[in-house]
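Have a look at the structure below before the remarks.
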């Protein structure tokens, strides 16, 4: 090393340079790391989901859907509301094992093509999406248009005599349950690996038989 | 700095020779002109900016230049329009997801003096800028003006295109009416279809797994501060490279070797000074 004495490994110049660089790095990190955390923090947030009461058990029937307004994000008024289509479970068409969370079937109104709100048409017993023409049948299965999987469901329970609606979960064409994904992400085959589940955003009910 | 010739000044603006006698016979216009010139001289003596300004303004351009070459400046003018109208809109806009955003935009449109004009200039100016930026990109591509030594200029231009599209996407949400809300939901879900990283990109844009209270504020900060800063810096770099490397000739006027130097042999006298 130029300027070094015999046996010297670090010159005073290099040491001074290294100390100054680390001090600068620490100063930069002191304001950059909190800013970075602030920007990406919401990605890792986990919030418990609030069960929302939506009516009495007698308000719902097996053959028609009731439209209920639910709040999916608190605190922003109307922008945080969505619609759930709720009916009683019908053993003739709901073939899965009955448990505490599916006495009532609640479907999300978000179309699984790109997220527009679907409308239930009672005369045709179909859900129609106005954006790109997606059509779902009475069970939420896709019967036409571009959606890539059936409508999402919500867990439901009966608590203190009221029907309550809980976290959302996604299904694929075989009606296998998955943790909630965004619209437009298919879940058949390798879909569940291509679009991995995000960090849990809600404390899901125990014993709900869940959900990769 | 190169020794550039003084620009030709029209006769009517050339300084008149001083009249004989003392200087008290100067006309008011001459006095005002002298004051202005001495003010500019005062600044120039301390900054030496006049050399740089001459370098920028008195550049040579090749023969065959046509109106297509104005598209780049037109795009920058559209961006400046967006910046200025955006500043005035920002003085009244409230990024409040629980109804204040829509109400503030309604207030701008209905109650603020010339609010409807400024908001419309901003909204239509956005479409104008997108159209002009694509036309400019097409002009550069079809004229081969991205070739050596202008590859870096082209790359910076592509980044500017992407940033402009991102400005359109984030700005679209800000009025926060039904069209904005659902268009953003659809746009973020389209982002989510990319394998593996798509869902995380959606979460990053929305600030969480659902469209929530922070999403509007996030889009507002990105639209107002993050991307305009990047665009301004990159426009500066883009313009510096253009001025340094010169304007390229149209492809039908380039030599057999494809050489498109903007200052061919001076003896041939085929350069036009602007």
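Under the 0.36 nm per residue contour assumption, what length would be gained going from the current alpha-carbon distance of residue A:28 and residue A:137 to full extension?
33.6 nm
Output needed for the stretch B:99-162: three equivalent-ellipsoid semi-axes, defined as square roots of 5 times the C-alpha gyration tensor eigenvalues, in descending order, whole Å.
After scaling each eigenvalue by five and taking roots: 38, 12, 7 Å.
How high is the relative contact order of chain A, in percent, with contacts defined as C-alpha pairs under 8 Å that are six or more residues apart?
Value for chain A: 17 percent.
Post the alpha-carbon centroid distance, the stretch A:110-157 to the stretch B:35-87, in whole angstrom.
56 Å
Round to the nearest 10 and give me the degree value, 0 to 90, for the angle of helix B:28-47's Cα axis relative to the longest principal axis of chain B.
Roughly 70 degrees, rounded to the nearest 10.
Give me the percent of Cα-Cα pairs in chain A that sit more than 24 Å apart, rounded to a whole number.
53 percent
For the stretch B:67-269, take the alpha-carbon Rg, divide it by the Kirkwood Rh, and send me Rg/Rh.
Reported Rg/Rh (Cα atoms, Kirkwood Rh): 1.08.
To the nearest whole percent, what portion of all C-alpha pairs in the stretch A:34-157 is separated by more than 21 angstrom?
47 percent
Evaluate the Debye formula for the protein assembly as shown with equal point scatterers sitting on the alpha carbons, no solvent, and hand back log10 of I(q)/I(0) at q = 0.05, 0.08, 0.11, 0.13 Å⁻¹, in q order, two decimals.
-0.35, -0.74, -1.06, -1.25
Choose one answer from B:44, B:96, B:110: the residue with the largest mean-square fluctuation in a GNM of chain B with alpha-carbon springs under 10 Å.
Residue with maximal mean-square fluctuation among B:44, B:96, B:110: B:44.
Ranked by Cβ crowding within 10 angstrom, fewest neighbours first, how are B:76, B:167, B:56 ordered?
Ordered from fewest to most neighbouring Cβ atoms within 10 Å, B:76, B:167, B:56 come out as B:56, B:76, B:167.
Express in nm, to one decimal, how much length is gained between residue B:162 and residue B:53 on full extension, taking 0.36 nm for each residue of separation and deducting their alpha carbon distance.
Working it through step by step, the gained length comes to 36.2 nm.
Every number here is computed from the coordinates shown, using simple stated rules; none is lab data. For clarity, every value in this text was computed on a predicted model and none was experimentally measured. All Cβ positions, glycine included, derive from the backbone under ideal geometry; neighbour counts span all protein chains shown.
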